[in-house]
Amino acid sequence: MPAEDDVVIPGVPSSEPPAFEEPTSPREPLPPKPDQRGPEAVSPTGSPTGAPATARAQSGQYLTTAQGLRLQDTDHSLKAGARGPILLQDHHLREKITHFDHERIPERVVHARGAGAHGVFRSYGTASKVTRAGFLAADVETPVFVRFSTVLGSRGSADAVRDTRGFSTKFYTDEGTYDLVGNNIPVFFIQDGMKFPDVVHAAKPHPDREIPQAQSAHDTFWDFVSLHTEAQAHTLWNMSDRGIPRSYRTMEGFGVHTFRLVNAAGDTTLVKFHWKPKQGVHSLVWEEAQIINGMDPDFHRRDLADAIEAGAYPEWELGIQTFPDTEDQMFQGIDLLDPTKFVPEELAPVQPIGLMTLNANPTNYFAETEQVAFHPGHLVPGIDVTNDPLLQVRLFSYLDTQISRLGGPNFAQIPINRPHAPVNDMLRDGMHQAAVHGGAAPYRPNSLDGGCPFLAGQDMGAFVDVPQAVAESIKERRNPASFDDHYSQARLFFRSLSSVEQDHVIQAYTFELGKCYESAVRERQLQALANIDAALCAAVAAGLGMPAPEATEQVPDRDPSPSVSQVGGTWPVAGRVVGIVADASSDLAEVEAARKALDGEGMVPLVIAPAGGTLSSDGLSVTVQRTFLTARSTEFDALMVAGGKQPAADASAGRDAKAGEPADGLDPRVALMLSEAYRHAKAVGAWGSGSAVLEAAGIPKGAAGVVGGNDAASVTTELSGLIAGHRAWDRFPAAGAAAE
Ligand code: HDD
């Protein structure tokens, strides 16, 4: 109870008001108001992000209404008798149902399907020469939130579709939030943002039946890209293995546009941003992707969350390609303002400037991943935009879209969007205003709020637009002539790929165009391919059973860029998933040894057995993680078959097979799993009598990426070497056609 003298009598001041002082000089901004604090490692319900407590949110609390009223019953509506009608006065029922009725918000118009993660970015300081951005100074750690996405599919669509992937990063810097809103492909379909609704309408499902979902393999997409030939380069990247990443963790990211960095002295440099995955760039093969979309539509979302939960934190190095800020903004014949062009790394190396580590899963999908709002116009001092006409339109679109998606102009107050820098804006009111603003004068100039908030100069961390000369010009709707080259970079990309990857591109075009009904569309796309590469065109035409047209344009040859190929490198194996096929007759000591060896290298071993539970014999027991019913090859980067306790000859009895065919007696699900893994050029291995099972599944002994040995340890070591190379690429010329 308050003391009696605490009672306030209307009209009588309780104490003297503070003396009003006219401010005479600027002062540091006030600390953020509670509602403007940056997101903390707690969920909106107060439980720590990623901590086990999240599973028990609101633990020990009474259930209440939204107004805090404790409830005795939330299962039965208030009725006139047990069998009577429901009463309108049931305020709890109406609150519960009304809230439920409004739980969904409009999904993103593109990039609706996504997955997010929290992390940190640590800068190397190597960029400080070219930018004064504080978060890029030496050894600064900045919290980040990243959202990966597909572009075309709706929010509930499958992950492993052929599509471009979004790669958006929100850096919560001390100088304000910086968003790098990029893709996993360095070029874009269109040069002017004015065409964005056209390309999206063409690629989205047909307006009458709303099919196909999350696919580009349909007439309207190919109609558009074959007519609007500046889309050909991006389309070729989509038809390559880049269009079906193995994981969000194994994707490169690109800022796509050229940006302008400004250093402390005011000198400017043009740059392109690149994210390089420490895990290596790795993709699926098409048949694998199609199976995944049925077996596990959440494949990429699950993979990201599982890896983070297991402590295999994915990492990317951020790098920049730098170009002199010349008047023409060209670099070695490439127009830096044309977003359908990339600059090969062989011409301008990617220079590392920092490392991003994703180390925490979101606590609540809706609150964080769904409500996060990215915008290429969220800039910090030291990073500015260029006149790229695609970027210029994006600067309008992203702010605009949040207003309908997040229900008004106050989306920056949603916890995931709150800056970590102090916010002292003069924006007021509006839908979903959550701040209780004090003061009387949200305008400038004012004296009633002491002239606050003040404007900062560049020396106080203000964003100052780079003073750019704008040539005296006429108002017109047209592109520069340098934007007219639509084919040379598509050709460059195709000719830079290894023969296996080129084969995949041919198969992808043949599949997609094979799904188009209009022969005029197929013919027109073949014409575009003829201008890109005659052999590509001929192979696709042969697959479609159509004549290959002659090229109609003189396309300049550029030097190939081997760095765009995914084949040939080796990468860390941590986080890769290996299935161990075993049953009651397996040597469990060896199974355990394989599990330990894989685990020791940071890989995820999963034992696959006929039934769940445990495998036990001779006092040993091994936990089963997958059964023959729940497992499919697509979950694994490699498969091993455990040897039995009996000699190899016994295990193969009755299991002879002709090459390429499973033998009688072998469980068909195991045969399918092994033959699929083989066809998708994954490493497969077996020790002891397990080798007979591989042969029984039709896997040729001694083929590329097929490992045999006497014990689990030797097989695991060899398998790990193969996994580091991602696939047994040499197997593809033979198995490639089947794999696509
Ligand atoms: Fe966009 C979302 C990437 C061109 C309009 N875009 C969006 C997202 C990514 C990109 C990754 C998802 C953000 C998230 O996770 O919330 N977009 C790109 C890239 C482009 C590009 C790399 C070209 C280089 N976009 C582009 C243009 C326009 C848009 C030219 C409009 C003229 N994009 C949007 C949007 C979205 C969006 C409609 C939908 C949801 C959102 O913004 O927040 O405003």
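Which of the residues spanning the range 183-194 are more than 8 Å from the ligand (Cβ to nearest atom) and either more than 20 Å from ARG242 (Cβ to Cβ) or surrounded by fewer than 20 Cβ atoms within 10 Å (Cβ to Cβ) (or both)?
Correct list: GLN191, ASP192.
Regarding LEU427, is this residue in contact with a Gly (Cβ under 6 Å, 6 or more places away or on another chain) and either within 10 Å of the ligand (Cβ to nearest atom) or in a loop (DSSP other than H, G, I, E, B) (or both)?
On the way: in contact with a Gly (Cβ under 6 Å, 6 or more places away or on another chain): no; either within 10 Å of the ligand (Cβ to nearest atom) or in a loop (DSSP other than H, G, I, E, B) (or both): yes.
So LEU427 fails the test.
Residues of the range 343-376 being part of a loop (DSSP other than H, G, I, E, B) and either away from the ligand (no atom under 11 Å from the Cβ) or of a type in the set (Ser, Thr, Tyr) (or both), which ones? Full working, then the answer.
Taking the range 343-376 first, the residues part of a loop (DSSP other than H, G, I, E, B) are 343-350, 361-364, 371-376.
Listed by number, the residues that qualify are VAL343, PRO344, GLU345, GLU346, LEU347, ALA348, PRO349, VAL350, ASN361, PRO362, THR363, ASN364.
How many of the residues making up the range 152-175 are within 29 Å of HIS420 (Cβ to Cβ) and within 11 Å of the ligand (Cβ to nearest atom)? Steps first, please.
In the first step, residues of the range 152-175 are kept if they are within 29 Å of HIS420 (Cβ to Cβ); the result is 155, 165-175.
Narrowing the set further to residues that are within 11 Å of the ligand (Cβ to nearest atom) leaves 165-170.
Total satisfying the criteria: 6.
Determine whether GLU287 is over 26 Å from ILE723 (Cβ atoms) and either acidic (Asp, Glu) or buried (at least 18 other Cβ atoms within 10 Å of the Cβ) (or both). Even if it seems obvious, please write down each step before you answer.
Values: over 26 Å from ILE723 (Cβ atoms): no; either acidic (Asp, Glu) or buried (at least 18 other Cβ atoms within 10 Å of the Cβ) (or both): yes.
Answer is no for this residue.
Among the listed residues ASP388, ASP384, identify the single one that is away from the ligand (no atom under 16 Å from the Cβ) and at pLDDT 95 or above. Quick ask: steps written out before the conclusion?
Details: ASP388 fails: away from the ligand (no atom under 16 Å from the Cβ).
Sole residue among the options that is away from the ligand (no atom under 16 Å from the Cβ) and at pLDDT 95 or above: ASP384.
I'm trying to understand the selection: among the residues of the range 532-564, which are among the hydroxyl-bearing types (Ser, Thr, Tyr) and either out of contact with any helix residue (DSSP H, G or I) (no Cβ under 6 Å at 6 or more places or on another chain) or without any contact (Cβ under 8 Å) to a residue 24 or more places away in the chain (or both)? If you could, list the steps in order and put the result at the bottom.
Filtering the range 532-564 down to residues among the hydroxyl-bearing types (Ser, Thr, Tyr) leaves 552, 561, 563.
Result: THR552, SER563.
Looking at the structure I just gave you, is PRO205 farther than 28 Å from VAL281 by Cβ and either of a type outside the set (Gly, Ala, Ser) or touching a Pro at 6+ places or on another chain (Cβ under 9 Å) (or both)? Give the derivation first.
Details: farther than 28 Å from VAL281 by Cβ: yes; either of a type outside the set (Gly, Ala, Ser) or touching a Pro at 6+ places or on another chain (Cβ under 9 Å) (or both): yes.
Yes; evaluated as a whole, the condition is true for this residue.
Could you tell me whether ASP449 is free of Cβ contacts under 8 Å to residues at least 24 places away in the same chain and surrounded by 12 or more Cβ atoms within 10 Å (Cβ to Cβ)?
Working: free of Cβ contacts under 8 Å to residues at least 24 places away in the same chain: yes; surrounded by 12 or more Cβ atoms within 10 Å (Cβ to Cβ): yes.
So ASP449 fits the description; yes.
Which residue out of ARG122, ARG104, ARG108 is within 16 Å of the ligand (Cβ to nearest atom), touching a residue at least 24 places away in the same chain (Cβ under 8 Å) and not small (Gly, Ala, Ser)?
Details: ARG122 fails: within 16 Å of the ligand (Cβ to nearest atom); ARG104 fails: touching a residue at least 24 places away in the same chain (Cβ under 8 Å).
None of the other options fit; the residue is ARG108.
What about ALA214, is it at pLDDT 95 or above, under 15 Å from the mean Cα position of the chain (by Cα), away from the ligand (no atom under 14 Å from the Cβ) and surrounded by 22 or more Cβ atoms within 10 Å (Cβ to Cβ)?
Working: at pLDDT 95 or above: yes; under 15 Å from the mean Cα position of the chain (by Cα): no; away from the ligand (no atom under 14 Å from the Cβ): yes; surrounded by 22 or more Cβ atoms within 10 Å (Cβ to Cβ): yes.
Answer is no for this residue.
Any idea which residue in the range 124-133 is farthest from ALA462 (Cα to Cα), counting only those that are crowded, with 22+ Cβ neighbours inside 10 Å and within 26 Å of the chain's Cα centre (by Cα)?
Checking each candidate, the answer is ALA127.
Being modelled with pLDDT of 95 or more and of a type in the set (Phe, Trp, Tyr) is true for just one of TYR124, TYR62. Which residue is that?
Details: TYR62 fails: modelled with pLDDT of 95 or more.
That would be TYR124, the only listed residue that is modelled with pLDDT of 95 or more and of a type in the set (Phe, Trp, Tyr).
Is one or more of the residues making up the range 170-180 modelled with pLDDT of 95 or more and under 24 Å from PRO297 (Cα atoms)? I'd like the intermediate steps shown before the answer.
Residues of the range 170-180 modelled with pLDDT of 95 or more: 170-180.
Pick out the ones that are also under 24 Å from PRO297 (Cα atoms) and you get none.
So far as the range 170-180 goes, no, none of its residues is modelled with pLDDT of 95 or more and under 24 Å from PRO297 (Cα atoms).
So if I check each of ARG522, ARG478, which one is of a type in the set (Lys, Arg) and part of a helix (DSSP H, G or I)? Talk me through it step by step, then tell me what you get.
Numbers: ARG478 fails: part of a helix (DSSP H, G or I).
Result of the check over ARG522, ARG478: ARG522.
Which condition number does ALA133 fail, the rest of (1) within 27 Å of PHE273 (Cβ to Cβ); (2) touching a helix residue (DSSP H, G or I) at 6+ places or on another chain (Cβ under 6 Å) being met?
So ALA133 meets the others, but not (2).
The values are calculated or read from the model by the stated rules, or taken from the named source; none is laboratory data. Model, not experiment: these values are computed from the prediction. Glycine also receives a Cβ, built like all others from the backbone with ideal geometry; neighbour counts cover every protein chain displayed.
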